[in-house]
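K.L.:
Submitted below is the structure of interest, expressed as structure tokens.
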């Protein structure tokens, strides 16, 4: 893979400022918290405010609809040292958010005299299905088969091409599936945690014969911070734990975290509609070597954090 060298460190501790686009999302909020914990001032950018970003400076902006000139003005006015794009789009918004937004963001950074470093969050699914037993490193040729990872690959190439041309300082992190606190309600484990909370009887669940790599969203956020700050950050970094776990093992860990009996979930084999492949095991050697990154949370700790936040988010009056 051809890569351009980084032009220098980005946000640096207490003296830095970072814009997190999509800061209200389940991963974006963890990224904002990780930067703030290191003393970096956070500018949270999203369509609408949310209570969990109230501690940060907030800018209400639909970045997918904003012209590049507006974005360039915003970044210059906020004087940020780094920009993190933590947005993702599904369904009707898939192309607008995953591609058009990145086109405008890249164009905006090109118009900035000294552009801040851009950290683009991609997905491990950009590589597409791989043979069982494969550890996916950055040398694997991307070959996505579904619309979501295809759109994220288009966005990644926009950033990488501009970086290679010396037009901006950009890096792409391809994250594997995430677990941990405040999961997306529509995600597999976020939905299962809510069912364990709300359904007193046995939860029936269709389980695919799949093995997947799940990383804690807080560990993913640590990788983002390091990618924003490190002079060695350039090109693509795959982020995962390096372990492909059977889905039933992951489900059992969440049931344990909930404190419910092991037979609270009754799994049935069957086909499951998923945006991912049946085998995902990430090789993060490059991130460990150049960024000094490694995951801090084990599976049980991640599932406990997920359960505690989902349990706390029960709607008042719900049974």
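K.L.:
Only strands (runs of 3 or more DSSP E) wholly contained in the range 190-284 count here; list those with 3 or more residues that are touching a strand residue (DSSP E or B) at 6+ places or on another chain (Cβ under 7 Å) and more than 16 Å from residue 174 (Cβ to Cβ).
P.N.:
Of the strands (runs of 3 or more DSSP E) lying wholly inside the range 190-284, those with at least 3 residues that are touching a strand residue (DSSP E or B) at 6+ places or on another chain (Cβ under 7 Å) and more than 16 Å from residue 174 (Cβ to Cβ) span 203-207, 265-269.
K.L.:
If only one of 206, 202, 178 is loosely packed, with under 15 Cβ neighbours inside 10 Å and within 26 Å of residue 279 (Cβ to Cβ), which one is it?
P.N.:
Answer to the check: 206.
K.L.:
Could you tell me which of the residues 190, 259, 240 is modelled with pLDDT of 95 or more and crowded, with 22+ Cβ neighbours inside 10 Å?
P.N.:
The unique qualifying residue is 240.
K.L.:
Picking from 154, 172, which residue would you name as being under 25 Å from residue 212 (Cβ atoms), touching a helix residue (DSSP H, G or I) at 6+ places or on another chain (Cβ under 6 Å) and surrounded by fewer than 22 Cβ atoms within 10 Å (Cβ to Cβ)?
P.N.:
Only one candidate passes the filter, namely 154.
K.L.:
Residues that are within 16 Å of residue 119 (Cβ to Cβ), buried (at least 24 other Cβ atoms within 10 Å of the Cβ), out of contact with any helix residue (DSSP H, G or I) (no Cβ under 7 Å at 6 or more places or on another chain) and in contact (Cβ under 8 Å) with a residue 40 or more places away in the chain: does the range 35-57 have at least one?
P.N.:
No: zero hits.
K.L.:
If you scan the range 87-144, which residues turn out to be within 26 Å of residue 48 (Cα to Cα), buried (at least 17 other Cβ atoms within 10 Å of the Cβ) and free of Cβ contacts under 8 Å to residues at least 24 places away in the same chain?
P.N.:
none
The values are calculated or read from the model by the stated rules, or taken from the named source; none is laboratory data. These numbers come from a predicted model, not from an experiment. A quick note on method: Cβ atoms are made from the backbone with ideal geometry, for glycine too, and the neighbour counts reach across all protein chains shown.
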